[in-house]
Each structure stands twice: as structure tokens, then as C-alpha cells.
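The values are calculated or read from the model by the stated rules, or taken from the named source; none is laboratory data. As the structure is a prediction and not an experimental result, all values here were calculated from the model. Cβ coordinates were reconstructed from backbone atoms using ideal geometry, including for glycine residues, and neighbour counts include every protein chain displayed.
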Amino acid sequence: MGNTLEAVHLLEVTLKNLLSNYDFLIKENQILLQNNSKLQHQLLENQQILENRKKEYDLLKIAKAIEGSSTDKKDTKLKINELIRDIDRCIIQLQE
């Protein structure tokens, strides 16, 4: 009978430990999920900032080429032609 009581007591202690660990892991998982969400949001913001900076850089390159810089004239002409084609496509879509 003593062995049975000891086994039951040991089972109770083990079960309490498991439940305690389970609660801890649930809380830790929630914290990690929140951190993950924040980091994903920051990553999206940083990607948008990077994209905007790239656009600004391209515009600056175009502006420098228009000013008379000979290094980017070809790129500027290509970009202007691309923009004109985009505008033409938009006009055609609007007419449809």
C-alpha cells in the first residue's frame, strides 16, 4: 500500500511539473509570436524604406544626367523612353 501511495504522489508531482512546464511554454510561445510579428512588421517597413530610397536614387541619377553629367545620359534616355511607353500604355488602357 505504501508503494501505491508513493507512486500516486510521484505521479502527482510529475503531473504538476508537466502542467507548470506547459503553462511556461504557452507563455513563452505567445511572447515569441509577438516578437516575430513585430520583427516582420519592421522588416516590411525597412523593405519599403529601401524601395523608396532606390527610387530616390534613380531619380537623382536621372536629374544628374539631365544636368549634363555624361556618365548616366544613356541610362536617362532609356528611363525616359520607358516612362513614355508606360504613359502610352496607360493612355491606351484609359481609351478602352
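Cβ-Cβ contacts under 6 Å between residues 6 or more apart (or on different chains), taken from a first residue in the range 56-70 that is closer than 18 Å to ASN81 by Cβ and in a helix (DSSP H, G or I) to a second residue that is among the hydroxyl-bearing types (Ser, Thr, Tyr) and at pLDDT below 80, are listed as ILE62/THR76; ALA65/THR76. Can you name the number of the only condition in (1) at pLDDT below 95; (2) assigned to a helix (DSSP H, G or I); (3) not hydrophobic (A, V, I, L, M, F, W, C) that GLN40 fails? Here GLN40 meets the rest and fails (1). Take LYS16 and tell me if it is surrounded by 10 or more Cβ atoms within 10 Å (Cβ to Cβ), basic (Lys, Arg) and either touching a helix residue (DSSP H, G or I) at 6+ places or on another chain (Cβ under 8 Å) or not in a helix (DSSP H, G or I) (or both). Considered against the rule, which asks whether it is surrounded by 10 or more Cβ atoms within 10 Å (Cβ to Cβ), basic (Lys, Arg) and either touching a helix residue (DSSP H, G or I) at 6+ places or on another chain (Cβ under 8 Å) or not in a helix (DSSP H, G or I) (or both), LYS16 comes out as no.
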